[in-house]
Amino acid sequence: MKIKLAQYGISHDHASGKAKVMGESDAVDFCGVFEPSEETRAVLGAHSVYEGVHWFSSVEEMLEDEAIVGIAVQGKVSQNLAFARQVLEHGKHVWLDKPAGDDLDEFRAVLDIAREKALLVQLGYMFRYNAGFQFIFDCVESGKLGEIFSVRARISSGPSSEKEWQRWDARGEREGGIMFILACHVIDAVVKLLGRPDRVTCISRSDDDEFPFYRDNTTAIFEYAKAMATVESAALEVASGASRRLEVYGTRGSAILEPLEPPTLRLCLDKDRDGYVKGWQNVPMENRPRYVESLRAFVADIRGEKTPDRSLDDELVVQETVLRAAGLMAG
């Protein structure tokens, strides 16, 4: 039986993609969208993905529909924690897009509601289900790469526009910059691989004169007892998709994923092991569409077919680490 899901807001960068996969899923009855701003609905709601989709006339129509069991929260980052709280208070699971606001105490309160009501909060970090990321996670968890001592990641974009800053109105976006907006994707992977860092050092610059407030050239260094990670992110890059990468180095081998999409992975081992040979080799990777596996996991979790891939405590550590890396919390 299909489960009934809906969407709250359409301002997030991933909103149309999430609506698309819910509408196409064989496991989901996509019941519709509520967007509180008539102006936003008129502009962003004209996207072809919303053609034929039901628009709820009020938030109450959506939240009080007891048949709807989960809601994708896709408003502005500045709105989403308030939206998520409403959803949880009405007894529905939350597919929350990233980052989880810029107030850690507010996010912790949202998670406390979920914990009290035994509800799910799944963050929308799309690379969690990227085949290349999952291969690296498995290599590290199985010990194939030995003890991990270094992780490096880079994820950048081209320059922003006034159109984006009409939506990017959160403190996190305006003060945390590209490290907050985009690099949170790979910070999520760093935390998965190494856990909560002991210390985070943030280097954050504004190097594009068009938006002098925008921290558009950034680096964060994460220190651990026996490892270090570095994340770089800039909003100045040409053809940035091709240089997005994740590198993991251990005492028995290394893995380099570049680019992230489509995932292209090289593996190096100290000796033949688990079907792979000593030295460097290319490992074929499935190119999965964004959001599909994330939605599949959310649905399976709602049905009780598996335990969540990230606990509520895991989600809190990721968010805290994002805020530290973006200079919004002490390192």
Legend entry - Residue that is nearest to GLU258 (Cα to Cα) [pool: residues in the stretch 165-180 that are part of a helix (DSSP H, G or I) and free of Cβ contacts under 8 Å to residues at least 60 places away in the same chain]: ILE178
Inset, instruction - Could you please find all residues in the stretch 4-48 being without any contact (Cβ under 8 Å) to a residue 24 or more places away in the chain and either among the β-branched types (Val, Ile, Thr) or surrounded by 20 or more Cβ atoms within 10 Å (Cβ to Cβ) (or both)? - result: VAL43
Inset, instruction - Give the residues of the stretch 143-162 that are part of a loop (DSSP other than H, G, I, E, B), in contact (Cβ under 8 Å) with a residue 24 or more places away in the chain and within 24 Å of the chain's Cα centre (by Cα), sorted by residue number. - result: ILE155, SER156, SER157, GLY158, PRO159, SER160
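Per-residue answers, yes or no, for (1) touching a Leu at 6+ places or on another chain (Cβ under 9 Å); (2) more than 29 Å from HIS185 (Cα to Cα):
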position: TYR50; (1), (2): yes, no
position: SER58; (1), (2): no, yes
position: LYS76; (1), (2): no, no
position: LEU88; (1), (2): yes, no
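The numbers here are math on the coordinates, done by the rules we state, and not lab data. Quick caveat: nothing in here was measured; it's all calculated off a predicted structure. As a convention, Cβ positions derive from the backbone with ideal geometry for all residues, glycine included, and neighbour counts pool all protein chains shown.
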